[in-house]
Amino acid sequence: MTNWIHRPVLQTVQALTEVPAQTRARLRDGPDDMASFRAAHDAIPALAQIEVGSVSPAGPDGQGTMRIVAWNVERLRHLPQTADVLLREGADVCLMTEIDKGMARTGNTHRTAELAKAIGQTYAYGVEFVELDLGTEGERADHAEQANNIGFHGNAILSRLALRRPVLFRLEAEGKWFGWTRGEPRVGGRIAIGGQVMLDGVAVTVVGVHLESHSDPAHRAGQMVRLVELIGHYDPSAPVLIGGDVNTSTRSWAERTAGVPEDPQKRSDVVPHEPMFDTMAAAGFDWTTCNVPHMPTQRFLDPDDARATGRVPGKIDWLFSRGLVASEPKVVPAVGEDGTILSDHDAIAVTVRLPRAD
């Protein structure tokens, strides 16, 4: 792979370079071997770009404390209600995962730009995957007569504070979503996206992360090792807050798809079963003050079906801090005021400040 896979991506653009529809169709219908994946990956400029946009002049710097919300918004289908939740929570920085740009399933709109406008914040958006078809099996059925205008699916950081040095970290380029093996052909791989905000005159690195779902605990730990290393290249001394969907299922994907029964205790008390926590502790990160203990963050869109199939909601979204004092952790229900379930993840939030000098 090209060198930008192994170092932070810092190139910012006003609009990501689009992939022509005929190219997406060719990649969807063509060979799915590793050489083809690597060639496709390296030929797509958008995978090495960060789109930055703002609805207003640069925001202020932070003073005293900062409220951070991390949320997998599952395509961001319910945009107005999602904006309401973020505004009610008083989010200074939003770490958002699974957001569409130019996908038929979300009206071929730019969901991140629309959300930024709705809450009055600057955004930086990066492509996790270029979608080569309409999405999952259900999404293909629902939108069979439509087409993606752009086909981007990714993650974003939004901030009411001045966002400096936007950065994208590509965590892997394994190509396991390329082709139809997983029922959703894509080019790309898992990413983290972030930047820096000033808090009491100190640059703080804030990063939203999304780890692989079709994975196992050891693989997730490896992705976090890579993220910590890349953050070290980006700024080795700044305080850091990482948050997002880290998919701590405590099981391998093979176990999950084989129907191995879920253990409710493990699903809520995941730390002993996921080596990523040892990884983060060794790197100086704390999670005990950033998260509500044992409270699941997974939300089923059909609770009755989940109960019928024996599914157990898990604690799969986490916040980690280093060099910061964290307080007021919260799991924010992904439910609109009218009862609409906004995502299959609840949001998580925390307040951070700098340590006080003794």
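The values are calculated or read from the model by the stated rules, or taken from the named source; none is laboratory data. Since the structure is predicted, the reported quantities are computational estimates derived from the model, not experimental observations. With ideal geometry, Cβ positions are generated from the backbone for all residues, glycine too; neighbour counts draw on all protein chains shown. All accessible areas refer to the heavy atoms of the entire protein, side chains included, with ligands and DNA or RNA removed. Shrake-Rupley method; radii C 1.70, N 1.55, O 1.52, S 1.80 Å.
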**Item:** Theoretical ellipticity at 222 nm over the chain - DSSP helices of four or more residues, -39500 (n - 2.57) apiece, nearest 500
**Value:** -6500 deg cm²/dmol
**Request:** Would you mind telling me the antiparallel percentage of the DSSP bridges in the range 185-281, rounded to 5?
**Result:** 55 percent
**Prompt:** How much of the accessible area of the chain, probe 1.4 Å, is carbon plus sulfur, in whole percent?
**Reply:** 51 percent
**Asked** So how far apart, in nm, are the two label points at E229 and T288 if each is 7 Å from Cα heading toward Cβ?
**Response** 2.9 nm
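What FRET efficiency comes out for the pair E114/H273, r = Cβ-Cβ distance, R0 = 35 Å, nearest 0.05?
After rounding to 0.05, the efficiency reads 0.35.
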**Prompt:** Ignoring ligands and nucleic acids, what accessible area does H143 show with a 1.4 Å probe (Å², nearest 10)?
**Reply:** 40 Å²
**Value of relative contact order over the chain, rounded to a whole percent, pairs C-alpha under 8 Å and six or more apart** = 18 percent
**Message:** Can you order the peptides 332-345, 177-190 by their average number of other Cβ atoms within 10 Å per residue, highest first?
**Reply:** 177-190, 332-345
**Prompt:** Which length gain, in nm to one decimal place, applies between A147 and M295 when the Cα-Cα distance is subtracted from 0.36 nm times their residue separation?
**Reply:** 49.4 nm
**Prompt:** Taking only the alpha-carbon atoms of the range 55-169, what semi-axes of the equivalent ellipsoid follow from 5 times the gyration tensor eigenvalues under a square root, in whole Å, largest first?
**Reply:** 28, 14, 11
**Message:** With every protein chain kept in place and ligands, DNA and RNA left out, what is the accessible area per residue of the chain? Probe 1.4 Å, answer in Å².
**Reply:** 40 Å²
**Asked** So which helices of the chain fit the span-like rule, where a helix is a whole DSSP H run, its Cα atoms reach 18 Å or more along the axis, and its mean Kyte-Doolittle is at least 0.5?
**Response** none
**Message:** For a test of the definition: using alpha carbon positions, the gyration tensor, and the 1.5 limit on a/c, classify the range 109-234 as rounded, prolate or oblate.
**Reply:** oblate
**Asked** What is the extension gain from W180 to R26, computed as 0.36 nm multiplied by their sequence separation minus the C-alpha to C-alpha distance, in nm to one decimal?
**Response** 54.1 nm
**Request:** With a 1.4 Å probe and all protein chains in place, put H78, H6 in order of accessible area, largest first.
**Result:** H6, H78
**Request:** Compute the FRET efficiency between R88 and N3 as 1/(1 + (r/R0)^6), taking r as their Cβ-Cβ distance and R0 = 30 Å, and round to the nearest 0.05.
**Result:** 0.10
**Request:** Compute the Rg to Rh ratio over the range 226-358 from the alpha carbon atoms, using the Kirkwood formula for Rh, and round to two decimal places.
**Result:** 1.01
**Item:** the chain pair-distance distribution - Cα-Cα, 20 Å bins, rounded %
**Value:** 31, 62, 7, 0
**Request:** Could you rank the peptides 115-127, 270-282 by their average count of other C-beta atoms within 10 Å per residue, with the highest value first?
**Result:** 115-127, 270-282
**Candidate lysines for bridging to K117, where Cα separation is under 18 Å - those fewer than 8 sequence places away on the same chain excluded** = K101
